[in-house]
Amino acid sequence: MSDTNEKIVEIKHLEKNFGKFQAVKDVSFDVYRGDVFGFLGPNGAGKSTTIRTMLSLIKPSGGELKLFGKDLAKDRNYILQRIGCIVEKPDFYKYLSAETNIEIFARLSGMNVTKSKVHEIIEFVGLKGREKDKLSGFSHGMKQRLGIAQTLIHDPELIILDEPTTGLDPQGIIDIRNLILQLKNERNKTVLLSSHILSEIELIANRMVIISKGKTIVQGSVKDLLNAQELIVVFTIDNLEKAKLILQNASMSELVDKTETTTLHLHISQEKIPVVNKLFADNGVNVYSIEAKRKLEDYFLKLINA
């Protein structure tokens with residue numbers, strides 16, 4: 001849930017043209033204080049262009065942009081002082097230490113940051129003990145975490161992360177995901193997270209917008225959008241025909257979505273999963289795996305391909 005009904009970001013009918021090419025046609029969404037807000041869309045949908053207009057790196061061709069209740073065109077400095085961001089991959093001086101890099105960025109931003117504050121930020125992002133190491137020896141995931149440390153120097157209210165898990169291994173993705181949740185829960189930050197990966201947004205965002213071809217397709221609570229979609233549970237089993245007969249005898253045939261050689265796809269709620277699993281086990285059908293899939297992925301693909 002959002003902490004308040006206060007809107008941190010209000011974007012209405014945003015447009016951005018590059019010559020004859022319309023990168024953003026009609027994007028509208030609101031971000032509330034305390035949100036982890038998923039900004040979702042396929043590559044080329046206009047996400048990065050929208051973010052660049054929010055940071056006043058480029059001027060919009062049309063529409064309204066308000067952040068913290070202020071008009072970006074009129075109150076640029078006031079707004080930017082309250083935002084931290086990583087647009088694509090963070091850049092650092094690779095032959096200097098993590099600590100020195102953060103100190104340089106602090107000076108560039110005009111902040112007088114103490115060494116203890118630098119160490120506290122580095123510890124928060126999980127790099128304690130590596131602050132004296134040169135960045136040339138850092139993994140991509142460690143650089144991403146240091147990038148998030150960089151965004152925290154001036155203690156912003158809103159943090160914008162543009163595709164922060166791109167190129168990371170599974171552990172790196174988990175580390176960044178946990179760090180984003182810590183930003184919200186421990187630091188009371190509002191986070192706008194841009195991604196083209198639906199599962200990433202599902203796990204950590206409370207609200208989201210889906211854009212495609214430069215237009216807003218749908219926005220709302222992640223929970224509501226998930227609940228509006230069906231849950232498909234895939235059982236991998238050793239005897240498909242027997243399993244279907246068991247479901248028929250239990251008056252549950254209508255739950256079958258589709259079948260494959262060793263898998264049975266069922267429309268059921270989470271509560272029914274152990275019931276069906278026990279039914280199979282009690283009647284001699286071995287279940288090798290159970291995987292729950294939301295139909296939201298199909299919904300997402302249907303929306304962006306419309």
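Computed from the coordinates by the stated procedures, all read-outs in this text should not be read as laboratory data. Computed from a predicted structure; not experimentally measured. All Cβ positions, glycine included, derive from the backbone under ideal geometry; neighbour counts span all protein chains shown.
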- Query: Starting at 0 and stepping by 10 Å, how many percent of the alpha carbon pairs of the stretch 99-240 end up in each bin?
  - Reply: 10, 34, 30, 16, 8, 2, 0
- Message: How big is the stretch 53-149 along each principal axis, measuring the range of its Cα positions in Å and listing the largest first?
- Response: 46, 26, 20
- Centre separation in Å (Cα based) which lies between the stretch 104-147 and the stretch 160-218: 21
- Of the chymotrypsin sites (Phe, Trp or Tyr not before Pro) in the stretch 91-144, which ones lie in a loop per DSSP and count no more than 14 other C-beta atoms within 10 Å? Tyr93, Tyr95
- Query: Counting other Cβ atoms within 10 Å of each Cβ, which GluC sites (Glu not before Pro) in the stretch 185-220 have at most 15 and sit in a DSSP loop?
  - Reply: Glu186
- Message: Show me the ranking of peptides 232-238, 31-37 by mean Cβ neighbours inside 10 Å, starting with the highest.
- Response: 31-37, 232-238
- Note on the structure: The long-range amide H neighbours of Ile8, using H built 1.01 Å from N in the peptide plane and a cut-off of under 5 Å, are Val31, Tyr32, Arg33
- Query: Taking only the alpha carbons of the stretch 231-304, what extent do you get along each of the three principal axes, in Å, biggest first?
  - Reply: 43, 24, 19
- Note on the structure: At q = 0.18, 0.23 1/Å the base-10 log of I(q)/I(0) from the Debye formula over the alpha-carbon atoms of the stretch 1-101 is -0.93, -1.29
- Can you list the HN-Hα couplings for the stretch 28-43, worked out from phi with the Karplus curve (6.51, -1.76, 1.60; θ = phi - 60°), rounded to whole Hz and with x for Gly and Pro? 9, 6, 10, 10, 9, 4, x, 6, 9, 9, x, 10, 10, x, x, 4
- Largest first and to the nearest Å, give the Cα extent of the stretch 175-306 along each principal axis. 51, 37, 22
